[in-house]
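The values are calculated or read from the model by the stated rules, or taken from the named source; none is laboratory data. Computed from a prediction, not measured in an experiment: that's the story for all the values here. Here the Cβ positions follow ideal geometry from the backbone for every residue, glycine too, while neighbour counts run over all protein chains shown. These accessible areas exclude ligands, DNA and RNA; they are computed on the full protein's heavy atoms, side chains included. Shrake-Rupley method; radii C 1.70, N 1.55, O 1.52, S 1.80 Å.
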Amino acid sequence: MVTCILLSAGLSERFGSPKALAYISGKTVIQHVQNTLLQSSCDNIIVVLGAHATEIQPSIFIHSRISVVYNKDYYFGQTSSVQAGWREADNASEGIMFLPVDCPLVQASTVDTIIDYFKKHDPDILIPSYQGKKGHPPIFHQRLKSKVLNLPTDLGLNSLFAEHPPQTIEIDDSGIIKSFNTPEEFKKIITGLPE
């Protein structure tokens, strides 16, 4: 069993409005990403909201595989959102996958490939890469739960890499390395997508 935590609690300060509510192919970004994850083999999807929760909430699907967690500590950054999501994850999940909402072009087949590899090889941490460049979404094994939950919020998950060197899997999907923080970056990554 694999749970995907969709991280959408940030302030979006550089974007100027909630990144989750930008439009991509006729849907909000967060609707687009939920569609992708629902087409994939991840068992549960936990959406972590924070800074703009009331605005984003109407874009969250009502679906048996989707639940929502509010991270009251969102201003401490992404690690606090990872922790808020993982606390709510089913303990039966061997793997916890993390996908920031500002990385919306990952394909469902890519999620499936990462999950399949994780289930076969049982790494502590698995990170996809595209042409040698690491991207999203990584999977962390359930056995790292206490270490992740006890991380100081000013440290990123990559602070665990020294003790738990990640395995990487090469993926033919440039979407894993396409993320955005500003309107200009958003425009750049979605150029060429259908309206």
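Is it the case, given these coordinates, that Thr54 is modelled with pLDDT of 95 or more and open to solvent by 10 Å² or more (accessible area, probe 1.4 Å)? Taking the combined requirement at face value, the residue satisfies it. Could you say whether any residue in the stretch 128-141 is more than 21 Å from Cys103 (Cα to Cα) and either out of contact with any Asp or Glu (no Cβ under 7 Å at 6 or more places or on another chain) or not aliphatic (A, V, I, L, M) (or both)? So far as the stretch 128-141 goes, yes, one or more of its residues are more than 21 Å from Cys103 (Cα to Cα) and either out of contact with any Asp or Glu (no Cβ under 7 Å at 6 or more places or on another chain) or not aliphatic (A, V, I, L, M) (or both).
Within the stretch 1-29, the set of residues being in contact (Cβ under 8 Å) with a residue 60 or more places away in the chain and part of a strand (DSSP E or B) comprises Val2, Thr3, Cys4, Ile5, Leu6, Leu7, Ser8, Ile24.
Taking the stretch 70-162 and the strands (runs of 3 or more DSSP E) fully enclosed by it, no element has 1 or more residues that are surrounded by 15 or more Cβ atoms within 10 Å (Cβ to Cβ) and without any contact (Cβ under 8 Å) to a residue 40 or more places away in the chain.
Just to be sure before I move on: is Ser40 out of contact with any Leu (no Cβ under 8 Å at 6 or more places or on another chain), in a helix (DSSP H, G or I) and crowded, with 16+ Cβ neighbours inside 10 Å in the structure I sent? So Ser40 does not fit the description; no. Of (1) within 19 Å of Thr110 (Cα to Cα); (2) buried (at least 17 other Cβ atoms within 10 Å of the Cβ), Gly10 satisfies all except one. Which? Answer for Gly10: the failing condition is (1). Note on the stretch 70-85: residues that are hydrophobic (A, V, I, L, M, F, W, C) and either more than 9 Å from Ala9 (Cβ to Cβ) or modelled with pLDDT under 95 (or both) total 2.
Within the stretch 136-195, the set of residues being of a type in the set (A, V, I, L, M, F, W, C) and closer than 21 Å to Leu11 by Cβ comprises Leu151, Leu155, Leu157, Phe180, Phe186, Ile189.
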